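Some notes on the structure that comes next.
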Amino acid sequence: MEQKIALALIVRGGGKEPERLRRCLASIPAYINGIFLTITGQDKTAISAIRQIGQEYKAHISYIQPFFTVTPEMVTWFEKRFNCKPRMKAGDQIFEFDKARNFNFSQVPKEYKWILWLDVDDIFRGGDKLPALLKLAEQQKSDAIYLNYLYQVEVNQNNEITKIVAQHPRERIIRNSQDAKALSERFQWKGTIHEILTKPIINNPITNDECDVLHLVDHEDRISSLWRNVRACEATLAKTKGEDPRFIYYLAKALSDLREKDTDKEAQNLMFEFLLGPTKSEWEEERGQIWGYIADIYNRYGEHDNAVKALMNGLMDYPESRALFINLASSYTMMGDWKKALFWLFMIEKIPEKKSLLAVSPYDQLIRILEIKYNCHYNLGMYAEVRETAKEIEQYVSKNILRDHSLAKAEELLRKSRMIAN
């Protein structure tokens, strides 16, 4: 019996969204049985363009405007609670992603056994593997299928990935629970931003690497989203009086990702509160990652000793973290302690890769390891190792940069080393 699957999408409609919606829908229609599109925007012209595209793909179209308004009382509460001035202002309209997502899911009839959700700036890859994947999920009586989410990448003109900056697994295909007798038994999204799927029990979730979701935005979009997230986190914390402490972490991460002086210190303070305060995180992997973010901020301002202390705290929480070992090696490189940096690089080789729901940056980690190796070998006079590292770098760094810096320098060092030897 066919396991019918629906695509669920929410779309605002303005700016670049019409062309992105068309790109998104073009990546998936041959592999799904229905499209359920919820329009959340207010601009009539933008809505008209989105509706037209939806009709071309025979989508079921619905409408919702899930916003709440920031009040003066909310601004005052935030200022007193966190002892800083928020970026949100009274009168701001804050979009609630969980309400939009829940409404969108509610439009999918129970005849569809599965729901695949995407955002308008996503592309689905590997759609031909969906039938076999759904069959496997049925056999294992799974409620959700996790797929890799490549949410920050660099691509060429043909949308081919040239660099994965950040990725992590997400619950992407979900069993439709519309026929559940009680509302409490249905899957629900929770969270103004970074919404998560909730239910008393999510049975037998499975992961799969044959399909994935590619998120395509430019730098301008990313910065705009970070500022949107800052205001949304502030407003959510104020609206709920800090009921969900995870929004302290979400706010801190958004502020640190902006990489500005006036946001870094605030981000660090919020991270310390999330780690050490009364509502601290109990997820060890997450705690280790947050200590790493704290260390990154310290290193940006030359406080390398404090960075090392933060990273040691991180290892006490999450000793299996390769990222923390890389950060330690990098910190000692910045301090000019090349032997200790190489020691921590050696330790990385002893840490096996571990599957995790945390976001990872595989390309960044690889390049950082190579950069640390090169600098350490160069400064310790290990010229043969410099040459070998330069060859490794050549696989990942553009040829011009490599010739101008790494390989040319390695060749020069090797010539000097031979002269010294003779």
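Miscellaneous remarks
- Meets criteria (among the charged types (D, E, K, R), surrounded by fewer than 18 Cβ atoms within 10 Å (Cβ to Cβ), assigned by TED's automatic domain parsing to the domain that holds Lys16 and within 28 Å of the chain's Cα centre (by Cα)) for Lys85: yes
- Residue within the stretch 253-272 that is of a type in the set (A, V, I, L, M), in contact with a strand residue (DSSP E or B) (Cβ under 7 Å, 6 or more places away or on another chain) and crowded, with 22+ Cβ neighbours inside 10 Å present: no
- Among the residues making up the stretch 335-361, those that are among the aliphatic types (A, V, I, L, M) and under 27 Å from the mean Cα position of the chain (by Cα) are Leu345, Met347, Ile348, Ile351, Leu357, Leu358, Ala359, Val360.
- Set side by side, the residues Lys253, Lys241 differ, and just one is of a type in the set (D, E, K, R), within 24 Å of Arg172 (Cβ to Cβ) and either not in a helix (DSSP H, G or I) or not assigned by TED's automatic domain parsing to the domain that holds Glu96 (or both), which is Lys253.
- Set Lys355, Lys391, Lys339: member being surrounded by fewer than 16 Cβ atoms within 10 Å (Cβ to Cβ) and closer than 30 Å to His194 by Cβ: Lys355
- Selection status of Arg101, at negative phi and either assigned to a strand (DSSP E or B) or modelled with pLDDT of 95 or more (or both): yes
- Number of the exception - Leu147 against (1) part of a strand (DSSP E or B); (2) out of contact with any Cys (no Cβ under 6 Å at 6 or more places or on another chain); (3) among the aliphatic types (A, V, I, L, M): (2)
- First in the stretch 21-33 and in a helix (DSSP H, G or I), second anywhere and acidic (Asp, Glu) and surrounded by fewer than 15 Cβ atoms within 10 Å (Cβ to Cβ), Cβ under 9 Å, 6 or more apart: Arg22/Glu56; Leu25/Glu56; Ala30/Asp128; Tyr31/Asp128
- Any hit, the stretch 210-217, residues being within 22 Å of Pro66 (Cα to Cα) and not in a loop (DSSP other than H, G, I, E, B): no
- Within the stretch 132-161, the residues that satisfy the criterion of being without any contact (Cβ under 8 Å) to a residue 12 or more places away in the chain and either more than 22 Å from the chain's Cα centre (by Cα) or surrounded by 19 or more Cβ atoms within 10 Å (Cβ to Cβ) (or both) are Ala132, Gln139, Gln157, Asn158.
- Among the residues of the stretch 96-130, the ones that are among the β-branched types (Val, Ile, Thr), closer than 19 Å to Trp189 by Cβ and under 19 Å from the mean Cα position of the chain (by Cα) come to 1 in all.
- Pairing residues of the stretch 265-280 that are hydrophobic (A, V, I, L, M, F, W, C) with residues that are modelled with pLDDT under 90, at Cβ distances under 8 Å and at least 6 apart in sequence or on separate chains, gives Phe274/Pro245; Phe274/Lys280; Phe274/Ser281; Leu275/Ser281.
The values are calculated or read from the model by the stated rules, or taken from the named source; none is laboratory data. From a predicted model like this one, the values you see are computed outputs, not experimental measurements. In this analysis, Cβ positions are derived from the backbone assuming ideal geometry, glycine residues included, and neighbour counts consider all displayed protein chains.
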